[in-house]
1. Could you check how many residues of segment 1-31 are open to solvent by less than 80 Å² (accessible area, probe 1.4 Å), over 9 Å from the mean Cα position of the chain (by Cα) and more than 30 Å from ASP65 (Cβ to Cβ)?
2. Please name all residue pairs, on different chains or six or more residues apart, with Cβ atoms under 6 Å, provided the first residue is in segment 7-36 and is under 14 Å from ARG57 (Cα atoms) and touching a residue at least 40 places away in the same chain (Cβ under 8 Å) and the second residue is open to solvent by less than 50 Å² (accessible area, probe 1.4 Å) and not basic (Lys, Arg).
3. Only residues that are surrounded by 10 or more Cβ atoms within 10 Å (Cβ to Cβ), modelled with pLDDT under 90 and acidic (Asp, Glu): list them for segment 38-68, please.
4. Give the number of residues within segment 16-37 that are modelled with pLDDT under 95 and of a type in the set (Lys, Arg).
Amino acid sequence: MQVQDPAELNQRLAELKVEHRDLDAAIEHLAAAITRDELQLTRLKKRKLLLKDAIARIESRLIPDLDA
């Protein structure tokens, strides 16, 4: 189901950005650990990339279509 309401899109965008920032902090913390879990680090990085793509899609949907 696709959310069409701009207010809902903005809310979802804000949630994704918070999760993206949280993942960034978790990745930095895990990468700095002496005994780091490479598999977990890879999974977090992959999730972060998926969030980045989702953020870009929502931002694109929020830009109004301009007829040339």
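1. 6
2. LEU9/VAL3; LEU9/ILE58; LEU13/ILE58; LEU16/LEU51; LEU16/ALA54; LEU16/ILE55
3. none
4. Count: 1.
The values are calculated or read from the model by the stated rules, or taken from the named source; none is laboratory data. Note that the structure is predicted; figures quoted are calculated from it, not measured. Backbone-built Cβ (ideal geometry, glycine too); neighbour counts: all protein chains shown. Just so you know, the surface numbers come from the protein's heavy atoms only, side chains and all, with ligands and any DNA or RNA stripped out. Shrake-Rupley method; radii C 1.70, N 1.55, O 1.52, S 1.80 Å.
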